[in-house]
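In what follows, a structure is listed as structure tokens, so that the remarks can point back to it.
The values are calculated or read from the model by the stated rules, or taken from the named source; none is laboratory data. In this text, all values refer to a predicted model and were calculated from it rather than measured experimentally. When we count neighbours, we look across all protein chains shown, and the Cβ atoms used for this are built from the backbone with ideal geometry, even at glycine.
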């Protein structure tokens, strides 16, 4: 597969690695971006993203809940440029689509596209906007959550939307810790609520990467497996929500901060949608 300058630049943007290192990684990985990121990590490079929002899109991300606070949605309306995404009419359109989503709570993105939104379908509204603006305008993502309490958060001028599903609601304190948790997810992009929720294939890949790094660093053969296991443990601590250091108080974990509010409160699930960089 031919590796283009655009491919190299995209990988560099995702990882922060050097141009030649990115070119080599893509060549060795036959153009597969996920494999190229793993290649860079195995070579001991500290890439900027282990998991990246890879689509270099602009647009608007809206997260919101219904009046009862037990259902939430995220919609991502895409554009090609930030000039368009910052336009007040474009933001208003995205908010109208989000309102349509939360009022009807469709099962899928395709169902949302077919819903009425101001006398026309969402799909038609997007097509008309694309014709008027002269850019490709699409519904890039649609996520939803339902629980006893769902807390929404929009970060960085509509660039990241988060929903957090909690096991109980009904108090200002629970809503506040839900918002803090959503802000944590927006900032640090956890891969799962807890370590038990992390897929085995992810753990296996992290172990393999840790093992390869230990070998390249010349660690004793008897220590390699232990070092790799330690790197997996560090990965879980940093990348699972409840074991992350709480952004608002690094002396405690997110799980501890939640338990201080209510010992029985659980984070059931979360959704995070972000624009690409």
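For the range 60-82, does any single residue satisfy the condition of being at pLDDT below 90, in contact with a strand residue (DSSP E or B) (Cβ under 9 Å, 6 or more places away or on another chain), under 30 Å from residue 178 (Cβ atoms) and in the same structural domain as residue 152 (by TED's automatic domain parsing)? So far as the range 60-82 goes, yes, one or more of its residues are at pLDDT below 90, in contact with a strand residue (DSSP E or B) (Cβ under 9 Å, 6 or more places away or on another chain), under 30 Å from residue 178 (Cβ atoms) and in the same structural domain as residue 152 (by TED's automatic domain parsing).
Can you tell me which residue is surrounded by the fewest Cβ atoms within 10 Å (Cβ to Cβ) among those in the range 106-121 that are in a helix (DSSP H, G or I) and in contact (Cβ under 8 Å) with a residue 12 or more places away in the chain? Going through the qualifying residues, I end up with 109. Taking the residues in the range 82-105 that are farther than 19 Å from residue 156 by Cα and surrounded by 19 or more Cβ atoms within 10 Å (Cβ to Cβ) as candidates, determine which candidate is farthest from the chain's Cα centre (by Cα). Here the answer is 100.
The residue list 202, 215, 209, 224 contains one member that is at negative phi, in a helix (DSSP H, G or I), in contact (Cβ under 8 Å) with a residue 60 or more places away in the chain and touching a helix residue (DSSP H, G or I) at 6+ places or on another chain (Cβ under 9 Å), which is 209. Only residues that are within 23 Å of residue 140 (Cβ to Cβ) and either in a helix (DSSP H, G or I) or out of contact with any strand residue (DSSP E or B) (no Cβ under 7 Å at 6 or more places or on another chain) (or both) were counted across the range 159-190, and they come to 6. Being within 30 Å of residue 170 (Cα to Cα) and either touching a helix residue (DSSP H, G or I) at 6+ places or on another chain (Cβ under 9 Å) or buried (at least 19 other Cβ atoms within 10 Å of the Cβ) (or both) is the filter here, so list the residues in the range 122-153 that pass it. 141, 142, 143, 144, 145, 147, 149, 150, 151, 152, 153, listed by residue number. Checked against the criterion of being part of a helix (DSSP H, G or I) and out of contact with any strand residue (DSSP E or B) (no Cβ under 8 Å at 6 or more places or on another chain), the candidates 236, 242 yield just one match: 236.
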